[in-house]
Amino acid sequence: MKDRLNSQRTVRVLGLLIVLACSAPGGVSAEAPRRLWVVQRPAGVVEYDLATFKVIRTVEAPERIFFHPGLLSINPSGQMLYRDQDGMWFWDGSKAKAMRARDTIVAGDSAGVPTRITVVQDVSLSVDGDRLYWFEQRFEQTRNSDGHQGSQRVEYRVWSTDLAGAGADTIIHIPGGEWCLCTTGACSETCGEWQPWAPRGLIGGLLALTTGVRGQLLPRYGPTRLYRESPGAWRYEEMAGTLPVLLDVSEDGGVVIGTEPDDGCCGWMNVNSDRMVLLAHGSRFVLYDEFPRFENQNYDVSFYVSGARLSPDRTAVAYTLEATNDGRPFRLSSEGRPDVADSMRIARAAEALPAVEVLALGEHPGPPVPISRGALVGWLSDTEILLAKDGRLAVFDVQGELLRHSGVPVSTPAAVFLR
């Protein structure tokens, strides 16, 4: 049985390798990162030399960035953008600016019926540092006689400007479609909206827009449009499959990695099997599947992928594996049966996490290579990865061997930016 499963897996991964090879014309690798920043309190945002890990410069940043570094984005040009409920902070590479994306509510009208339009805006950096990209979602709603939300339609627009916010150029416009009935009285529970995503949160020549419904208990996801910039316009193809969480995409948009997370609700964390999936030119490959690997259906602890990166040459994928219990005791699942040996085995597996795993995509891939008690930052080259481990950054090879310590302190992987 084990030999047959291994043989099937080899065939699947070999098929994946062929698909990836076909999607990388000329065998050219993606460009390796050249710059490294770390959010460090109280200094600010510190840039380090990738070869020596010596400090190059420090950018003073608002105090609130230290509490939520995941809300910060940095592009290869060294521009920085941070947005929270208190506003936006923008570093254009030489000086800081205060900016604001407007969220407004205005009165509207549809065929004589009064409506209420809520306008929600956001902004992202560009990869090349020449432009800013703005996102606007307009929720137009009617009200029932009891004051509850009755129906909704959504208009979506993306435009770019210069760094001062001038010279607007609309690149994507999705007009409001048919009215959606808000059957529960709250439109977010039954009606869809657009959710943008771009690699590293930076807009280059690729942008994904997914339709999703927040729902009462769990979100639901629809198709994803994968927009790519072409001469004179941005054009899209619908992704061949739905991935609720996108993690990485190749530069040409042909390879997408994402996850299908557990859909447990109401306090339950482990209802179904978490998966990491790779989509490549119409083919679907499951790279990680929780239940077959950990056999943890009896207990309410979930083992999930929190981040993944395809290697520059597309021959491997590295990812961080975590457990929901975070070292705490766990209970039986909603339909679980107690088993002491099973519980001890799962506890041992959870104690080794978080961990980074490197999965080769070759003819004889073997099991993923684990690096315990670490979290992935990104690929330095086709054969080297940067990790946050034991409160410091460190470089490992794809065989899990430590190559060098950096000495660079890091509070959380979300505070590290490899560009």
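The values are calculated or read from the model by the stated rules, or taken from the named source; none is laboratory data. Keep in mind that this is a model prediction, so the values were computed, not measured. Cβ placement follows ideal geometry from the backbone for every residue including glycine, while neighbour counts extend to all protein chains displayed.
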Flagged pairs (Cβ under 7 angstrom, 6 or more apart or on separate chains; first in the stretch 326-345, in contact (Cβ under 8 Å) with a residue 12 or more places away in the chain; second loosely packed, with under 14 Cβ neighbours inside 10 Å and assigned to a loop (DSSP other than H, G, I, E, B)) are L332/P338
When you scan the stretch 375-396, how many residues do you find that are in contact with an Asp or Glu (Cβ under 9 Å, 6 or more places away or on another chain), of a type outside the set (A, V, I, L, M) and buried (at least 21 other Cβ atoms within 10 Å of the Cβ)? 1
Can you tell which of V213, V271 is more than 25 Å from W159 (Cβ to Cβ), touching a strand residue (DSSP E or B) at 6+ places or on another chain (Cβ under 7 Å) and of a type in the set (V, I, T)? V213
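Condition check ((1) of a type in the set (G, A, S); (2) surrounded by 12 or more Cβ atoms within 10 Å (Cβ to Cβ); (3) under 30 Å from A61 (Cα atoms); (4) in contact with a strand residue (DSSP E or B) (Cβ under 9 Å, 6 or more places away or on another chain)) across all residues:
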| residue | (1), (2), (3), (4) |
| --- | --- |
| R100 | no, no, yes, yes |
| S110 | yes, yes, no, yes |
| V127 | no, yes, yes, yes |
| W134 | no, yes, yes, yes |
| G147 | yes, no, no, no |
| I171 | no, yes, no, yes |
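Going by what's in this entry, would V154 be described as of a type in the set (A, V, I, L, M, F, W, C), assigned to a strand (DSSP E or B), surrounded by 15 or more Cβ atoms within 10 Å (Cβ to Cβ) and touching a residue at least 40 places away in the same chain (Cβ under 8 Å)?
It is true that V154 is of a type in the set (A, V, I, L, M, F, W, C), assigned to a strand (DSSP E or B), surrounded by 15 or more Cβ atoms within 10 Å (Cβ to Cβ) and touching a residue at least 40 places away in the same chain (Cβ under 8 Å).
For the stretch 181-192, which residues satisfy the criterion of being crowded, with 18+ Cβ neighbours inside 10 Å and either aromatic (F, W, Y) or not in a loop (DSSP other than H, G, I, E, B) (or both)?
Matches in the stretch 181-192: C187 only.
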Looking only at the stretch 307-365, count every residue that is assigned to a helix (DSSP H, G or I), surrounded by 19 or more Cβ atoms within 10 Å (Cβ to Cβ) and either under 24 Å from the mean Cα position of the chain (by Cα) or not aliphatic (A, V, I, L, M) (or both) and tell me the total. 1
Filter the stretch 267-298 for residues that are among the aromatic types (F, W, Y) and modelled with pLDDT of 95 or more; the one that is surrounded by the fewest Cβ atoms within 10 Å (Cβ to Cβ) is F291
If you scan the stretch 246-276, which residues turn out to be closer than 20 Å to N296 by Cβ and under 15 Å from the mean Cα position of the chain (by Cα)? T259, E260, P261, R275, M276
Within the stretch 223-231, identify whether any single residue is over 29 Å from P292 (Cβ atoms), free of Cβ contacts under 8 Å to residues at least 40 places away in the same chain, among the small types (G, A, S) and surrounded by fewer than 18 Cβ atoms within 10 Å (Cβ to Cβ), and answer yes or no. yes
Out of the stretch 138-148, which residues are of a type outside the set (A, V, I, L, M, F, W, C) and either closer than 15 Å to G112 by Cβ or at pLDDT 95 or above (or both)? R138, E140, Q141, T142, R143
Selection from the stretch 214-228 of residues that are assigned to a strand (DSSP E or B) and either closer than 15 Å to G258 by Cβ or at pLDDT below 95 (or both): R220, Y221, G222, P223, T224, R225, L226
Output for the stretch 69-111, where each listed residue is within 20 Å of R157 (Cα to Cα) and among the small types (G, A, S): A101, A107, G108, S110
Where D382 falls short, out of the listed (1) in a loop (DSSP other than H, G, I, E, B); (2) over 17 Å from R314 (Cα atoms): (2)
